[in-house]
Structures are given as C-alpha cells and as structure tokens.
Amino acid sequence: MPDLDKAAEHRYADSNGVKIHYAALGPKDAPLVLFLHGFPDFWFSWRHQMDALSKNYYTVALDLRGYNLSDKPKGVENYDMKLLVGDAVAVIKHAGRDKAIVVGHDWGGAVAWQLAINVPEMVEKLIIVNLPHPKGLTRELANNPTQQKNSQYARDFQKPDAHSKLTPEALAALAPADVRPAYLEAFKKSDFEAMLNYYKRNYPREPYQEIPTVIKAKMPVLMFHGLKDWALLPGALNNTWEWLEQDLTLVTIPSAGHWAHWEAAPLVTRTMELWLSR
C-alpha cells in the first residue's frame, strides 16, 4: 500500500491562486471519484479505497489547503468554507470534469456536504464517512449535553495558541503503525495553525444554535458512521433523510471509531463498490 504514493500521478490545481495538490490513480476516462480527507490527515487517508476503486474509476484524492503538499495561506479568513468548496471545484475542473462522485471524511465530509448542497450540479453521488449532516450536528450541539461535552476539543482548537500544542509526532501517532512514517512526513510539511483555522472559521461556537432551514441535497447519499466515534455522536444521524431529495443508505459500524474507512476498510470499500455499481 505505501507503493500507492509511487503509483499515483501527483498534480496541482489552481484555486484562485492557492495550489491544491492531489494524487490521481486509475483510467482517466473513467468516472471521477473525488476524495476529501479530514483532520489530521492527508490524501493518503484514502489508500484502501483508491487501491480498489481505481480499477473502474479515476480516483483523485487531494490534500486540503494547509496540509502536506498543498499551499498554506496565512490568516483564518483563508479557511472559510466557501474557499474550501472552491478548492474541491478547482480539482474537479483540473481533472477535466464538470462533476464527480464526492467522498468526504470529517472536515472533508463537511466540505463534501456543502459542495453537494451549494453546487449540486457538480456532485453525481455523495459518500460521507463520520460526519453527520450539518443540521444534525448543530441540532445535537444545541440540545445534547453529551455532544456539547464531547466537543470540548473543538472549543480548545478555537483558542488562539492551540496550534502550538500540536506536534507532527503526536498527530502521526493517530495513524495505523504501518503507515505512521508517511503520516509523520506529511505532518512535518503541514501547517498546524492552518489545520486549526478550519475550527476557528467554520466550527459552531457557543451559544450553539441549530441551523433553522436547509437546502435539500439532490443526489443519492451513502453514509458510514463508526459508532465508537466519541467526537461525533451517532444521534446527529437521526432525521438525515428529511434533508435529502433522493435515497439514503446508512451503514453504522459498531467496531469502528472516527476513521471508519481505515478501521473497517474492507467493509467500507466493498460497500462503496457495490453502492456505486447499482
């Protein structure tokens, strides 16, 4: 699997002057699958899924801005959700397409939801790993004391000096042992202040308020949720179907935590393949 880095083609898209790195694998004329990673991570998060799906799809996984080989602009305003969505759009266009199957985890899931809601013509199908719909998450933050308590980490990340407490070694320790060296190298190239700007700019702040109305996502949606995820509790998944126009497939995984696409890689990957081939 570490050889995936060598097998992939590494390219850069321009997103209004910000260079976004992405790794691409698979036949270029096949349907495009765009992968968006979360915190703390980089494109290699999707190694299992790229390895399997690249037989029939053009798989493209980007480094979100601030991470690894992508640009790291200074200033919290440069991590606004509209700009993050713009980065995904730039990569889809750079890959020569006008739409993609979009897959996101954690912050990448947040970007994927917003891309699907606000630029629906570019999202053919949507796959989300461990990131509830924004309305579900804000509802739980507003009303669920356990979710409020478990989101303390996000409030800590919103503090001005929070990035000074992070190290490449500590973040890489979250990755599976066999790929930890690759993660350590990627995090040494990343900007911790930029990583936490996602929380400062986009994560809800107290007093928490539920999003009052939603624009319904127009495409079929597949969601995975590792039930051992303490940061994003599964109660936020309830009523997701009310905010979608098409079918929802929800796969809950009792044995997995926040990184369900690593921790239950065979199940997640095979389910993706089957769902996409319907």
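The values are calculated or read from the model by the stated rules, or taken from the named source; none is laboratory data. Every value quoted in this text rests on a predicted model; they were computed, and no experiment measured them. Glycine gets a Cβ as well: all are built from the backbone with ideal geometry, and neighbour counts include every protein chain shown.
List of remarks:
- Among the candidates 63, 71, the residue that is among the acidic types (Asp, Glu), crowded, with 24+ Cβ neighbours inside 10 Å and within 25 Å of residue 174 (Cβ to Cβ) is uniquely 63.
- Whenever a residue of region 154-167 is touching a residue at least 24 places away in the same chain (Cβ under 8 Å) and among the aliphatic types (A, V, I, L, M), its partners that are in a helix (DSSP H, G or I) and surrounded by 13 or more Cβ atoms within 10 Å (Cβ to Cβ), lying with C-beta atoms within less than 6 angstrom and at least six residues away or across chains, give the pairs 154/199; 162/196; 166/192.
- Leading residue by the ranking (farthest from residue 106 (Cα to Cα)) among those in region 174-207 that are out of contact with any Lys or Arg (no Cβ under 9 Å at 6 or more places or on another chain) and of a type in the set (Ser, Thr, Tyr): 183
- Selected residue (criterion: surrounded by the most Cβ atoms within 10 Å (Cβ to Cβ)) from residues of region 74-91 that are out of contact with any helix residue (DSSP H, G or I) (no Cβ under 6 Å at 6 or more places or on another chain) and either under 13 Å from residue 14 (Cα atoms) or among the aliphatic types (A, V, I, L, M) (or both): 91
- The listed residue being closer than 21 Å to residue 124 by Cβ and not aromatic (Phe, Trp, Tyr), out of 38, 26, 17: 26
- Condition check for residue 47: of a type in the set (D, E, K, R) and part of a strand (DSSP E or B): no
- Criterion: charged (D, E, K, R) and over 25 Å from residue 214 (Cβ atoms) - qualifying residue of 87, 106, 41, 80: 41
- The set of residues in region 117-149 being surrounded by 17 or more Cβ atoms within 10 Å (Cβ to Cβ) and in a helix (DSSP H, G or I) consists of 117, 120, 122, 134, 135, 136, 137, 138, 139, 140, 141, 147.
- Pair list, Cβ < 8 Å and 6+ apart or interchain, from region 79-99 residues that are part of a helix (DSSP H, G or I) to residues that are among the acidic types (Asp, Glu): 90/14; 92/98; 94/14
- Residue tally, condition among the hydrophobic types (A, V, I, L, M, F, W, C), over 18 Å from residue 261 (Cα atoms), in contact with a strand residue (DSSP E or B) (Cβ under 6 Å, 6 or more places away or on another chain) and touching a residue at least 40 places away in the same chain (Cβ under 8 Å), over region 1-58: 5
- Top-ranked residue in region 13-26 [being in contact with a Ser or Thr (Cβ under 8 Å, 6 or more places away or on another chain) and not β-branched (Val, Ile, Thr); ranked as farthest from residue 95 (Cα to Cα)]: 19
- Taking each residue of region 235-254 that is in contact (Cβ under 8 Å) with a residue 12 or more places away in the chain and closer than 17 Å to residue 220 by Cα and looking for partners that are of a type in the set (Phe, Trp, Tyr) and assigned to a helix (DSSP H, G or I) with beta-carbon atoms closer than 8 Å, six or more apart or interchain, yields 248/241; 249/275.
- The helices (runs of 4 or more DSSP H) found entirely in region 186-278 that carry 2 or more residues being at pLDDT 95 or above, in contact with a helix residue (DSSP H, G or I) (Cβ under 8 Å, 6 or more places away or on another chain) and surrounded by fewer than 19 Cβ atoms within 10 Å (Cβ to Cβ) are 192-202, 265-276.
- Complete set of residues in region 1-15 that are assigned to a helix (DSSP H, G or I) and either among the small types (Gly, Ala, Ser) or modelled with pLDDT of 95 or more (or both): 7
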